[in-house]
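Reviewing the structure listed below.
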Amino acid sequence: MKAVTAQHIKKSYNGVQALKGVSLEVEEGEIFGIIGPDGAGKTTLFRILTTLLLPDSGSAMVKGFDVIKAYKLIRRKVGYMPGRFSLYHDLTVVENLRIFASLFNTSIEENYDLIKDIYQHIEPFKKRRAGALSGGMKQKLALSCALIHRPEVLFLDEPTTGVDPLSRKELWEMLKKLKKQGIAILVSTPYMDEASLCDRIALIQHGIFLKTETPQKIIAQFENILWSVHSKQMFQLLKDLRSNPHVLSCYAFGDTHHITVEKKKAAPHEAAITIAELEAFLKEKGHLDIKIDPIQAGIEDSFLELANK
Amino acid sequence: MEFYHIFRDRWTAIMLLALPVLMIILFGFGISTEIKNSKVAVYDPSQDVATQTIVDNLAANAYFDLETYVNTPKEIETIFQKSDIGLLVVFSENFYENLLHTGEAQVQLITDGTDPNTASTLVSYATSIIEEYQAELLGNDKGPTYQISPITKLLYNPNLTAVYNIVPGVLGLVLILICTMMTSVSIAREKELGTMEVLLVSPISPLLIVLSKIAPYFLISVVDLISLLVISVFLMGVPINGSFFVLTCLSLLFILLALSLGLLISTIAESQMSALLMSAMGLIMPVSLLSGLMFPIENMPLLLQVLAQFVPAKWYIDALRDVMIKGLGFSSIILEVSILLGMLVVLVLTSLRNFKVRLE
């Protein structure tokens, strides 16, 4: 049995089509990442799968139960962590945990082994009010609360947004441990660099899945020739690169620009312009310290390529 | 769990428990009891040393301004209608002589009873001035005792019944305020913070969630009801003339009604702000204006009179007056009770129908 399946889910909100026919399948014990920018429809999809919203059309099942008809059964089996911090700010850490345990008719002690790794990080602060925790701590507490009833499927909507890099890393390590317990995990994130931590990912934009694959395959399927370019005047460089007729796209990536280059019509694996030619072109524009290297594509490059198709 | 919230936020707790007490005291005793420069008229047929001194003392006092003298007894009747004086002092004839020979003299303090708070304040000020003079006389002359007895007369509202009317009104207002506003706001808060999302994705039935949020407010309302009754009986001297049991049942019915109104609002309102506005604009205003608490319904334009029939507090306050002040039994409030019951059923059914097990 698949942990989650969805077919052609469509959903409109106030005249805006948030989801335009999304389908997915998530296996048991899989970390499935839904990756895309803000406003792509990630939260809407999560709310439909967690029975909080009804789809306009299409169908979805969680653990073999229909999200529309059997929503009560699904609510027993899933753990859900919404995008924004949704715990009681004015209650302490341990009070929050206790409330969620009692909501699911269980106790902290009963499932302590499952949350132990996560909860240990925040246990020193258990008497502190949840609202006074740091971003990373809040997410760890929210995750603990979502796990307290030993869910079979875990839905995490942007768990790492607004969290420091170290806590992000820790959260992902925890997800890997949970996966080993056979829990299927659906996680959404706007951070492309987190894609490689998932077993499979779906790239989403404007309510459409661009592609659903393993991160490795998505990268392998990158079709264009990709170079990174660096010079002293990075902003001017962006403009000048875009003015070159052989450069198909150009985006700023941290301290370099990534460009895709036109291919030769006769030989589709070769660039229509050589690195030396491009360097000469940029020198003419007055750039100094030019550095151009062919590079391997990352998820973000793939996303941009797919999004521009 | 909601108890944790309420008492964690100490100010909310204080407000919920102390506000009703404060309100009833404010309304009951009048918002301003300090009165300055009230206009005084005097009818003084004696024109002797004693009356002159008393009038001078009154005029010298910061609270009173001597406005005019009344010359004939007839004018006493009309002076309140003609001018805006607050107090009329009427001395008996041969005031000083009577005082000297019989040891007794009478002075009448007539006030406008339509504003009972001002009236009673003015009377007590004037009385103390007269008593001072009396003490002076006694101090000067160690002879026989002199007794000036002020007689107070209230025009238009002889029994100062404002307090009697206020107490049931404030009860109605406070209960609506706490039950309806606080429940709707607290449920809207869950929606706003996003905790409702998490609560919904749990095996607990959504209805149970809401009921558990309402329960503490029910208890707080009961505590408030008790404290309000205690204050009105012991502090303000408003008697409970009717059956305490009927009174309690009636109030519990009204509390349930107010809670279900809050539930209904919470099914509509998405944020704390809109819940607050809806309860404030949609409830507090009509309750205070249309329930007969501030203005008599009989004097309103027809449209408002019709609207007033839909305000639950109006029926509750009416019934409460019947039971508490008039001491009538259950049989006399059957109409009010059945209307309140009907409203309760309608409200509960509508909010159940409106109730969402999902986010939209």
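The values are calculated or read from the model by the stated rules, or taken from the named source; none is laboratory data. Given the structure is predicted, the values throughout are model-derived calculations rather than measurements. Counting neighbours? That spans all protein chains shown, and the Cβs are built from the backbone with ideal geometry, glycine included. Ligands, DNA and RNA are excluded from the accessible area calculation, which covers all protein heavy atoms including side chains. Shrake-Rupley method; radii C 1.70, N 1.55, O 1.52, S 1.80 Å.
A compact table of results
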quantity: About the Cα centre, charge dipole magnitude for the protein assembly as shown (Lys/Arg +1, Asp/Glu -1 at Cβ), debye; calculated: 3460 debye
quantity: Cβ neighbours within 10 Å from other chains - mean over A:82-89; calculated: 5
quantity: Dipole-positive endmost among A:LEU203, A:ILE185, A:VAL93 within chain A (Cβ charges, Cα centre); calculated: A:VAL93
quantity: Loop-located chymotrypsin sites (Phe, Trp or Tyr not before Pro) in the range B:303-360 whose Cβ has at most 13 other Cβ within 10 Å (DSSP); calculated: B:PHE310
quantity: Rg(Cα)/(2.2 N^0.38 Å) for the range A:155-309, N = residue count; calculated: 1.24
quantity: J(HN,Hα) series, the range A:257-266, from Karplus relation 6.51 cos²θ - 1.76 cosθ + 1.60, nearest Hz, glycine and proline x; calculated: 10, 9, 10, 9, 10, 4, 9, 5, 5, 6
quantity: Pairwise burial A:B, computed as accessible area of each alone minus the pair, summed, 1.4 Å, Å²; calculated: 2700 Å²
quantity: Solvent-accessible area per residue, Å², over the range A:4-219 with all protein chains present [probe radius 1.4 Å]; calculated: 39 Å²
quantity: Kyte-Doolittle mean at least 1.0 and Cα axial length at least 15 Å: DSSP H helices in chain A; calculated: A:93-103
quantity: Under 5 Å, built H, 5+ apart or other chain: amide partners of B:TYR43; calculated: B:VAL70, B:VAL89, B:VAL90, B:PHE91
quantity: Shielding of A:50-58 by partner chains, average beta-carbon count, 10 Å; calculated: 3
quantity: Inter-chain Cβ neighbour average for residues A:102-110, partner chain, 10 Å; calculated: 2
quantity: For the protein assembly as shown, Kirkwood radius (reciprocal of mean inverse C-alpha pair distance, Å); calculated: 31.7 Å
quantity: Peptides A:286-296, A:178-188, B:244-254 ordered by average Cβ neighbours within 10 Å, highest first; calculated: A:178-188, B:244-254, A:286-296
quantity: Nearby lysines by direct alpha-carbon distance to B:LYS74 (threshold 21 angstrom, same-chain neighbours under 8 apart not counted); calculated: B:LYS39, B:LYS82, B:LYS153
quantity: Cα-based reach from A:LYS291 at 27 Å (exclusive), listing lysines while leaving out same-chain residues under 8 positions away; calculated: A:LYS232, A:LYS239, A:LYS263, A:LYS264, A:LYS265, A:LYS283
quantity: Residue-level accessible surface for A:LYS169, protein heavy atoms, 1.4 Å, Å²; calculated: 130 Å²
quantity: Loop-located GluC sites (Glu not before Pro) in the range A:208-309, at most 15 other Cβ atoms within 10 Å (DSSP); calculated: A:GLU223, A:GLU262, A:GLU270
quantity: Long-range amide H partners of A:SER249 with built H, under 5 Å; calculated: A:THR260
quantity: Debye, to nearest 20: dipole size of chain A, +1 on Lys, Arg Cβ, -1 on Asp, Glu Cβ; calculated: 980 debye
quantity: Residue-by-residue Karplus 3J(HN,Hα) for the range B:226-242, coefficients 6.51, -1.76, 1.60, Hz, glycine and proline x; calculated: 5, 5, 5, 5, 4, 5, 5, 6, 8, 8, 10, x, 7, x, 9, 7, x
quantity: Value at 222 nm in deg cm²/dmol, rounded to 500, when DSSP H runs of n ≥ 4 in chain A each add -39,500 (n - 2.57); calculated: -9500 deg cm²/dmol
quantity: Under 21 Å from the Cα of B:LYS314 - lysines, other chains or at least 8 residues apart; calculated: B:LYS326
quantity: 5 angstrom amide H check on A:ILE34, placed H, neighbours 5+ away; calculated: A:VAL187, A:SER188, A:THR189, A:ALA202
quantity: Largest to smallest principal axis extent of the C-alpha atoms in chain A, angstrom; calculated: 71, 44, 37
quantity: Phi to ³J(HN,Hα) by Karplus 6.51 cos²θ - 1.76 cosθ + 1.60 over the range A:50-61, Hz, x for Gly, Pro; calculated: 8, 6, 7, 10, 9, x, 5, 8, x, 9, 8, 10
quantity: Protection proxy ranking, peptides B:273-286, B:56-69, average beta carbon neighbours within 10 Å, highest first; calculated: B:273-286, B:56-69
quantity: For the range B:175-195, residues shielded by at least 50 square angstrom of accessible area compared with the chain on its own, probe 1.4 Å; calculated: B:LEU193, B:THR195
